[in-house]
1. Looking at (1) loosely packed, with under 14 Cβ neighbours inside 10 Å; (2) in contact (Cβ under 8 Å) with a residue 24 or more places away in the chain; (3) not basic (Lys, Arg), which is the one condition that is false for residue 230?
2. Can you give me the ranges of the helices (runs of 4 or more DSSP H) entirely in segment 1-112 with at least 2 residues that are at pLDDT below 90?
3. Go through (1) of a type outside the set (A, V, I, L, M); (2) under 30 Å from residue 303 (Cα atoms); (3) surrounded by fewer than 18 Cβ atoms within 10 Å (Cβ to Cβ) for residue 207 and report which single condition fails.
4. Among the residues of segment 124-157, how many are of a type in the set (S, T, N, Q) and more than 26 Å from residue 279 (Cα to Cα)?
5. Taking segment 126-153 as the search range and keeping residues that are loosely packed, with under 15 Cβ neighbours inside 10 Å and not β-branched (Val, Ile, Thr), which one is farthest from residue 60 (Cα to Cα)?
6. Determine which member of the set 304, 274 is of a type in the set (Gly, Ala, Ser) and either free of Cβ contacts under 8 Å to residues at least 40 places away in the same chain or in contact with an Asp or Glu (Cβ under 7 Å, 6 or more places away or on another chain) (or both).
7. Between a residue in segment 158-181 that is surrounded by fewer than 10 Cβ atoms within 10 Å (Cβ to Cβ) and any residue that is modelled with pLDDT of 95 or more, which pairs come within a Cβ distance under 6 Å, given they are 6 or more apart or on different chains?
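The values are calculated or read from the model by the stated rules, or taken from the named source; none is laboratory data. Source: prediction; values computed, not measured. Cβ placement follows ideal geometry from the backbone for every residue including glycine, while neighbour counts extend to all protein chains displayed.
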Amino acid sequence: MLDAAKGVSNAEIARRMGISRQRVADIRRRFEGRSLASVLGDAPGRGRPREIRDSTAAKIVETVLKGPPRNATHWSSRALAERFGIGASTVQRILRAHNLKPHRWETFKFSKDLEFAAKLRDVVGLYMNPPTNAVVLSVDEKSGTQALERTAPMLPIRPGLPARQTHDYRRNGTTTLFAALNTLSGKVLQHCQPHHTHVEFIAFLKHIDRDVPKRLDVHIIMDNYATHKHAATRAWLEQHPRFHVHFTPTSSSWLNAVERFFSEITSKRIRRGSFPSVPRLVKAIAAFVDEYNAHAKPFVWTKSAKTILGKIKKCHTIYGS
């Protein structure tokens, strides 16, 4: 409009602004007829009229937050649409605008360990400030790992189609994967056993003892599984004073770093695999670990114990527990 007041032509204004000449003419006509406000905003009465009132949207949000309907576990868009007499797509837009997803749910569990804070600080301290002249190993076992064999070969991925496998399978036995994640190097020490009693666990501790140089202390982080606290296990640990045990709080598997490795090997190698025998499964696990260790990176823990305790306290406040 300033250029137009100086006598610049519509064509030249369009060139300078990077818009069409017709667009320039429309803007000048709107300015002359309804002042600058009409140029900066839409003309009154333009656009599709609103379908529902703000009060209706507020009632939908309040209904979802109040809880599920009778005889159902959660609200659906169709159920809300029927309840308020509007379209399901409109309900979906309202839910998206308020970041509400009643169709989704997640699980949680609070630890009831009376020594939760002390154990948390101990474990997190090992992750963030490991001792010198020592290794820190996150230890656990993945029991009942099944050698499942599909009754037909997997169908490969195709454009527009995912890879597919038969629902049917044959059970060819199980193995227990014992694993120790070295938090400094990120490498995993593994050993498969047919069972997961204290006998096999002690055998895995001996495996660790042989693998770790004798000059180093061994700090082991593990959960409260019975085999880890068995009398025979405690006796073996007492006979090997360089081993130092650190237990995670109960119901806190997320604090044990090796669980991330278990999740990765399950999703990348075991869940979609087909194994005609336990030895084939054990061989596949060993090959995966070898490849994993070849590209291993140090385990990095970023959240301090204080930060974690603050979040847990906030959750207790929200859920009133």
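1. (1)
2. Numbers: elements: 2-5, 10-17, 21-40, 54-66, 77-84, 88-97.
Output list reads 2-5, 10-17, 21-40, 54-66.
3. (2)
4. From segment 124-157, those of a type in the set (S, T, N, Q) are 129, 132-133, 138, 143, 145-146, 151; that's our starting set.
Then keep just the ones that are more than 26 Å from residue 279 (Cα to Cα); that gives 129, 132-133.
Here the count works out to 3.
5. First, pick out the residues of segment 126-153 that are loosely packed, with under 15 Cβ neighbours inside 10 Å: 128-133, 144, 151-153.
After this cut, where a residue has to be not β-branched (Val, Ile, Thr) as well, the list is 128-131, 133, 144, 152-153.
Values: 128: 46, 129: 50, 130: 52, 131: 55, 133: 61, 144: 46, 152: 49, 153: 49 Å.
By that ranking, first place goes to 133.
6. Details: 304 fails: either free of Cβ contacts under 8 Å to residues at least 40 places away in the same chain or in contact with an Asp or Glu (Cβ under 7 Å, 6 or more places away or on another chain) (or both).
Just a single option satisfies the conditions, and that option is 274.
7. Within 6 Å, no pair qualifies.
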